[in-house]
Amino acid sequence: MSVDTVSRIVIVGASLGGASAAVALRAQGYSDEIVLIGAEQHLPYERPPLSKAVLLGNADEPDWVAASDYYADAGIAMLAGTTATKIRRGDQVVEAGGSDIRYDRLLLATGGRPRQLRVPGAGLDDVFTLRTLDDSMALRSRLISGANVVVVGAGWIGCEVGAAASQHGSSVTMVEPATQPLVRVVGQQVGAAFASLHRSNGVDLRLGTGVVGFSGDDRVQAVVLSSAEVIPADTVVVGVGIQTNIALAEECGLDLADGGVAVDASLCTSDPHIFAVGDIAAHDHPHYPGRVRVEHWANAKDQGSHVAQNLLGAATPFESRPFFFSDQYDLGCEYRGLADPEQDELVVRGDLHSLEFTAFWLRDSTVMAAMNVNQWDDGDALQELVDTRRPVSPDDLRASHF
Ligand SMILES: Cc1cc2nc3c(=O)[nH]c(=O)nc-3n(C[C@H](O)[C@H](O)[C@H](O)COP(=O)(O)OP(=O)(O)OC[C@H]3O[C@@H](n4cnc5c(N)ncnc54)[C@H](O)[C@@H]3O)c2cc1C
């Protein structure tokens with residue numbers, strides 16, 4: 001396939017993954033048509049600040065993927081506020097905003113939307129979820145001193161929202177059915193360190209209990225727990241994960257996997273004209289068995305940049321290992337790799353309780369994942385350990401000879 005045959009690339013999803021691809025295409029010298037279709041009214045932006053600086057009131061804007069005049073200057077047709085409703089693969093057409101938009105290559109970067117709780121009262125006013133800039137601004141106005149805020153779910157979004165609410169002086173209850181916050185990613189011991197962090201910042205953390213309903217007339221007034229306890233609430237934030245936006249892919253018959261769109265190592269779907277990146281990409285990763293689908297900022301950004309060359313005819317595998325970060329109160333952390341905390345051996349260098357440590361997850365003497373918490377000197381060394389998977393011993397890791 002030569003560059004000449006690709007005269008129009010259509011991208012559905014104008015957020016980090018999709019816009020990074022558009023920027024990379026232009027950076028690589030592609031000068032034909034790029035159409036970027038996005039359901040949101042805003043220009044493409046990055047979501048991490050929505051649960052951090054924006055929610056804390058330290059910023060009124062997220063980080064933009066590119067400057068506002070970039071798209072027009074770069075000749076990218078930016079269709080904001082436009083939803084793609086159908087893909088007709090036989091015609092190589094996307095239906096969007098009442099038009100048929102022909103493509104030579106199509107990139108799907110449709111991400112996810114918050115999963116809703118299916119319990120009585122879930123539709124009451126002041127029950128929030130957090131995915132968009134508008135969500136963040138609306139929620140921020142509710143996080144005030146003295147407010148009763150209940151956060152449902154102690155995953156990354158729940159923990160960051162709980163931290164922001166607590167820092168605003170709200171009275172925060174966080175409810176999580178699992179035994180510790182973040183337990184599925186970091187396991188019991190590291191999860192317990194995060195539990196201490198939240199409790200020491202005044203959060204009333206309820207573990208091992210679920211939410212069975214919300215009560216109130218029009219507005220939420222209380223959260224009912226599976227323990228039958230009733231927690232007063234004037235604001236509720238439900239942070240129980242996302243549902244991927246894969247209906248377009250499913251309806252046009254693309255292969256699906258792991259809750260996303262199946263892509264090969266080069267991010268190509270089961271249709272050679274269609275690629276997928278970001279939260280929806282269930283990737284046949286060269287370095288892991290099975291598929292890898294992660295919901296991380298770095299993955300969307302890097303896959304978006306990487307896929308540009310493949311849209312133009314290369315078939316270069318995407319090889320980066322997962323990476324994500326989080327900020328809560330004065331804690332910052334970075335996680336590299338992909339571990340199974342139930343199966344892998346945890347080795348900790350430093351002190352879990354002082355919240356200055358590096359956690360390693362070891363399998364067969366290799367580091368599957370490493371997480372540095374409030375430690376910033378070893379990022380490159382940790383990346384090298386995770387990338388090379390060279391043999392190391394727990395003692396070496398504890399003594400920092402790595
Ligand atoms: C509040 C928040 C904080 C986060 N913090 C971190 C963090 O600290 N660290 C980290 O690693 N990750 C973080 N993430 C995750 C990270 O932001 C996501 O992994 C990333 O945004 C995924 O990018 P994406 O382009 O795949 O999808 P998305 O960002 O979900 O974008 C998809 C876009 O496609 C649009 N769309 C969907 N369907 C259609 C359609 N049919 N037609 C047109 N447009 C459509 C959507 O409206 C949306 O704008 C955070 C996420 C959130 C919500």
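The values are calculated or read from the model by the stated rules, or taken from the named source; none is laboratory data. A quick note: this is a predicted structure, and the numbers were derived from the prediction, not measured. Cβ atoms come from the backbone with ideal geometry, glycine included; neighbour counts cover every protein chain shown.
Points worth noting:
- Residue check, Ser305 of a type in the set (S, T, N, Q) and out of contact with any strand residue (DSSP E or B) (no Cβ under 8 Å at 6 or more places or on another chain): yes
- Residue check for Gly213: in contact (Cβ under 8 Å) with a residue 60 or more places away in the chain, out of contact with any Lys or Arg (no Cβ under 8 Å at 6 or more places or on another chain) and closer than 27 Å to Val277 by Cα: no
- Tally, over region 258-283, of residues that are out of contact with any strand residue (DSSP E or B) (no Cβ under 7 Å at 6 or more places or on another chain), more than 13 Å from the ligand (Cβ to nearest atom) and not aliphatic (A, V, I, L, M): 4
- Of all residues in region 356-373, none satisfies being of a type in the set (A, V, I, L, M, F, W, C), in a helix (DSSP H, G or I) and at pLDDT 95 or above.
- Residue in region 203-221 that is crowded, with 19+ Cβ neighbours inside 10 Å and closer than 22 Å to Met371 by Cβ present: yes
- In the set (1) away from the ligand (no atom under 14 Å from the Cβ); (2) closer than 25 Å to Val65 by Cβ; (3) under 21 Å from the mean Cα position of the chain (by Cα), Gln309 fails one condition alone, (3).
- Within the option set Ile87, Ile76, being more than 27 Å from Ser136 (Cβ to Cβ) and either in contact with a helix residue (DSSP H, G or I) (Cβ under 7 Å, 6 or more places away or on another chain) or outside the structural domain of Val12 (by TED's automatic domain parsing) (or both) holds for one residue only, Ile87.
- Of all residue pairs spaced 6 or more apart or on separate chains, those with beta-carbon atoms under 6 Å, a first member in region 256-277 that is modelled with pLDDT of 95 or more and a second member that is aromatic (Phe, Trp, Tyr) and part of a loop (DSSP other than H, G, I, E, B) are Leu267/Phe318.
- Hits in region 266-302 - residues which are of a type outside the set (Gly, Ala, Ser) and in contact with a helix residue (DSSP H, G or I) (Cβ under 6 Å, 6 or more places away or on another chain): Leu267, Phe275, Val277, Glu295, Trp297, Lys301
- Looking only at residues in region 119-155 that are surrounded by fewer than 21 Cβ atoms within 10 Å (Cβ to Cβ) and assigned to a helix (DSSP H, G or I), the one that is nearest to the ligand (Cβ to nearest atom) is Asp135.
- Considering the conditions (1) among the aliphatic types (A, V, I, L, M); (2) buried (at least 18 other Cβ atoms within 10 Å of the Cβ); (3) away from the ligand (no atom under 15 Å from the Cβ), Leu50 is excluded by exactly one of them, (3).
- Unique match (being away from the ligand (no atom under 12 Å from the Cβ), modelled with pLDDT of 95 or more, surrounded by fewer than 17 Cβ atoms within 10 Å (Cβ to Cβ) and of a type in the set (Ser, Thr, Tyr)) among Tyr288, Tyr329: Tyr288
- Test: residue in region 373-394 that is in contact with a Ser or Thr (Cβ under 6 Å, 6 or more places away or on another chain), within 20 Å of Gln188 (Cα to Cα) and surrounded by 17 or more Cβ atoms within 10 Å (Cβ to Cβ): no
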